[in-house]
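J.: Here it is, the structure, as structure tokens.
The values are calculated or read from the model by the stated rules, or taken from the named source; none is laboratory data. Since we're looking at a predicted model, the values are computed, not measured. Here the Cβ positions follow ideal geometry from the backbone for every residue, glycine too, while neighbour counts run over all protein chains shown. Heads up: the accessible areas ignore ligands, DNA and RNA and are worked out on the full protein's heavy atoms, side chains in. Shrake-Rupley method; radii C 1.70, N 1.55, O 1.52, S 1.80 Å.
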Amino acid sequence: QVQLVESGGGLVQPGGSLRLSCAASGSIFRLYAMNWYRQAPGKQRELVAAITSGGNTNYADSVKDRFTISRDNAKNTVYLQMNYLKPEDTAVYYCHAKRLRYDYWGQGTQVTVSS
């Protein structure tokens, strides 16, 4: 069982930055692929960024060159650095962990980009 707790969301002006954190319980965090998803009102949940257990990363086209996913296995934490935020980035952001047939979700953290 893995528990995920996100933090770092909030209100930011367009062009600003936020860093989301996702702290995971469990001793085998390093073996999990970690993902950030988001869901805006009235829209489907979408994959924003992914990082494998080996550190390979992948991004949605809409956030490429603006967002950076990283992980610190010593701290059981995955991060999402979000720069040059746009109003269309407004959503609830969810942390997701996946390994083999197991996957786990955090409770989500709200990010609102507005002037």
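J.: Quick one: putting +1 on the C-beta of Lys and Arg, -1 on the C-beta of Asp and Glu, what dipole do you get for region 54-115 around its Cα centre, in Debye to the nearest 20?
T.: So the dipole magnitude of region 54-115 works out to roughly 260 debye.
J.: Could you give the accessible area per residue of region 6-102, probe 1.4 Å, as a whole number in Å²?
T.: Dividing the accessible area of region 6-102 by its residue count gives 54 Å².
J.: Another question, then. From Cα pairs below 8 angstrom and at least 6 apart in sequence, can you work out the relative contact order of the chain, rounded to a whole percent?
T.: For the chain, the relative contact order is 37 percent.
J.: Pairwise over distinct Cα atoms, reciprocal of the mean inverse distance: report the Kirkwood radius of region 4-115 in Å, one decimal place.
T.: With all distinct Cα pairs of region 4-115 included, I get 13.9 Å.
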